[in-house]
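**Student:** Structure provided below as structure tokens; questions to follow.
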Amino acid sequence: MGKGRPLPGTSTPMATRQRESSITSCSSASSCDADDEGVRGTCEDASLCKRFAVSIGYWHDPYIQHFVRLSKERKAPEINRGYFARVHGVSQLIKAFLRKTECHCQIINLGAGMDTTFWRLKDEDLLPSKYFEVDFPMIVTRKLHSIKCKPPLSSPILELHSEDTLQMDGHILDSKRYAVIGADLRDLSELEEKLKKCNMNTQLPTLLIAECVLVYMTPEQSANLLKWAANSFEAAMFINYEQVNMGDRFGQIMIENLRRRQCDLAGVETCKSLESQKERLLSNGWETASAVDMMELYNRLPRAEVSRIESLEFLDEMELLEQLMRHYCLCWATKGGNELGLKEITY
């Protein structure tokens, strides 16, 4: 992922069946730090894992194939079940927020990678007022290239876009309902400036999502991001998916494996326990915080769904699944929004 030359910006038209829409170039000057290459590589890994799990029927996602080629390497059943629980858990919380706000809200997906939530929400008629994605410029460049070249991705964006011109270049796309922004989440002034340029509305209830993002920042950097998020919006919710219980031997092996791939978990000290995860949220401006490990979440899945996914592949090492799932968690926090009932949202 981080090794290729960035694709050039584009000024060619994207077309829908309804009409033609021209794209104008807009300036963006962002650079990627070579030290972040290992972190960028985790985006590739996650995308390949999701693509494989979708290909054997864990969940339905007709869009991921347009971003990621199917790997010849078969992923282990416990990895596939883990991704199913992750996608299901995050999706349930997103939909709960959308129901509470009646979709009169905005979503900001931090470190979105090749995520396809925007398209899937559109198919379910559940889009917020605007959906934003932020990631490293190099990752955004690749995502925008796929969007530009593939009508199943570009057409839904253009169908919702009332203007004649859609702003897009190598590091940014801004349309009426969807924006993709290349920015470093550790640079909050740049992040805020770019979001506002794409019409982020601080008065709207806002859902922020971070999946395996905060753990790659230092505790101070992630605290600053969480504070910024809590202070920027009157009513907000934050979803965080990442590692937990990292102090034991299994956690240490995970850390060592990632380090060997030049990927350091700079924020791992915050991932000691579910309590430390909640405390980070509460100490940085959030009013409520909840957390479950992924084994607990898996055990709460509808039995029919569990039977369905467990019939897809045989897994003889249930202990391995349990060990893996106990080392990831889903956390969510709320601030304001009492009249909307945001505090009532639970998994």
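The values are calculated or read from the model by the stated rules, or taken from the named source; none is laboratory data. It should be emphasised that the depicted structure is a prediction, and the values quoted were computed from it without experimental measurement. Cβ: placed from backbone, ideal geometry, glycine included. Neighbour counts: every protein chain shown. All accessible areas refer to the heavy atoms of the entire protein, side chains included, with ligands and DNA or RNA removed. Shrake-Rupley method; radii C 1.70, N 1.55, O 1.52, S 1.80 Å.
**Student:** Using the heavy atoms of the protein chains alone and a 1.4 angstrom probe, what is the accessible area of segment 80-175 per residue in square angstrom?
**Tutor:** Numbers: 2860 Å² over 96 residues.
On a per-residue basis, 30 Å².
**Student:** Which one, I157, G251, A229, projects farthest toward the positive side of the charge dipole computed for the chain from Cβ point charges (K/R +1, D/E -1)?
**Tutor:** Result: I157.
**Student:** Between G341 and residues 5 or more places away or on another chain, which pairs have amide H atoms under 5 Å apart, with H built 1.01 Å from N, and which residues are they?
**Tutor:** HN-HN under 5 Å from G341: empty list.
**Student:** Based on the alpha carbons, how large is the Rg to Rh ratio for segment 80-137 when Rh follows Kirkwood?
**Tutor:** Rg/Rh: 0.97.
**Student:** How much accessible area does E78 have with a 1.4 Å probe, in Å² rounded to the nearest 10?
**Tutor:** 30 Å²
**Student:** Give me the extension gain from A304 to E44: residue separation times 0.36 nm, minus the current Cα-Cα distance, reported in nm with one decimal.
**Tutor:** Length gained, A304 through E44: 90.5 nm.
**Student:** Calculated from DSSP H runs of 4 or more alone, at -39500 (n - 2.57) each and per residue, what is the 222 nm mean residue ellipticity of the chain, nearest 500?
**Tutor:** -12500 deg cm²/dmol
**Student:** Report the paramagnetic label zone for R249: residues of segment 295-336 whose backbone N is under 19 Å from a point 7 Å from Cα along the Cα-to-Cβ axis.
**Tutor:** Under cut-off, by backbone N: 317-328.
**Student:** Let me know the Kirkwood hydrodynamic radius for the chain, please, with Cα pairs as the basis and the value in Å to one decimal.
**Tutor:** Kirkwood radius, the chain: 20.6 Å.
**Student:** So, one more: Please give the net charge around Y58, taking every other residue with its beta carbon less than 12 angstrom from that of Y58, where Lys and Arg add +1 and Asp and Glu add -1.
**Tutor:** Result for the neighbourhood of Y58: +2.
**Student:** Which residue, chosen from T218, S175, I107, occupies the Cα position most advanced towards the positive end of the dipole of the chain, where the dipole is computed from +1 (Lys, Arg) and -1 (Asp, Glu) charges on Cβ about the Cα centre?
**Tutor:** Final value for the positive-end residue is S175.
**Student:** Between their Cα atoms, which of K196/K272; K122/K194; K72/K176; K50/K95; K72/K150; K50/K122 are more than 26 Å away from each other? Don't skip to the answer; put the middle values down first.
**Tutor:** On the way: K196/K272 35 Å; K122/K194 24 Å; K72/K176 38 Å; K50/K95 20 Å; K72/K150 23 Å; K50/K122 20 Å.
Too far apart for the 26 Å limit: K196/K272; K72/K176.
**Student:** Would you kindly state how much longer the chain becomes between K72 and N257 on full extension, computed as 0.36 nm times their sequence separation minus their alpha carbon distance, in nm to one decimal? Intermediate values should be presented prior to the final figure.
**Tutor:** On the way: separation 185, 0.36 × 185 = 66.60 nm, distance 2.20 nm.
Residue separation times 0.36 nm, minus the Cα-Cα distance, leaves 64.4 nm.
**Student:** Next question. How high is the FRET efficiency between D123 and I56 when r is their beta carbon distance and R₀ equals 22 Å, given to the nearest 0.05?
**Tutor:** Values: r = 21 Å, r/R0 = 0.96.
Calculated transfer efficiency: 0.55.
**Student:** 7 Å from Cα along Cα→Cβ at both C103 and D187: what's the point-to-point distance in nm?
**Tutor:** 3.5 nm
**Student:** Expressed as a whole percentage, what fraction of the accessible surface of the chain belongs to carbon and sulfur atoms when a 1.4 Å probe is rolled over the protein heavy atoms?
**Tutor:** Accessible surface attributable to carbon and sulfur in the chain totals 48 percent.
**Student:** Still on this structure, please answer the following. Using a 1.4 angstrom probe and counting only protein chains, how large is the accessible area of E317 in Å², to 10?
**Tutor:** Using a 1.4 Å probe on the heavy atoms, I get roughly 90 Å².
**Student:** Suppose we keep just the DSSP beta bridges with both residues in segment 32-344; what percent of those would be antiparallel, to 5? Walk me through the numbers before you get to the answer.
**Tutor:** Details: 20 of 41 bridges.
For segment 32-344, the DSSP antiparallel bridge percentage is about 50.
**Student:** At 15 angstrom or more along the helix axis (alpha-carbon based) and mean Kyte-Doolittle of -0.5 or higher, what helices does the chain contain? Whole DSSP H runs only.
**Tutor:** Helices meeting the span and hydropathy rule in the chain are 37-55, 77-101, 137-149.
**Student:** Averaging sequence separations of C-alpha pairs under 8 Å and six or more residues apart, then dividing by the length of segment 32-344, give the relative contact order as a whole percent.
**Tutor:** Averaging sequence separation for qualifying contacts and normalising by length gives 19 percent for segment 32-344.
**Student:** If I model a spin label as a point 7 Å beyond the Cα along the Cα-Cβ vector, how far apart are those points for E269 and K196 in nm?
**Tutor:** Result: 3.3 nm between the two label points.
**Student:** Let me make sure I get this right: for segment 157-204, a, b and c are the square roots of the gyration tensor eigenvalues over alpha carbons, sorted descending. Under 1.5 in a/c it's rounded, otherwise prolate if a/b > b/c, else oblate. Which is it?
**Tutor:** oblate
**Student:** Now a separate question. Dipole size in debye (nearest 20) for segment 32-344 around its Cα centre, Lys and Arg Cβ +1, Asp and Glu Cβ -1?
**Tutor:** Charge dipole, segment 32-344, about its Cα centre: 560 debye, nearest 20.
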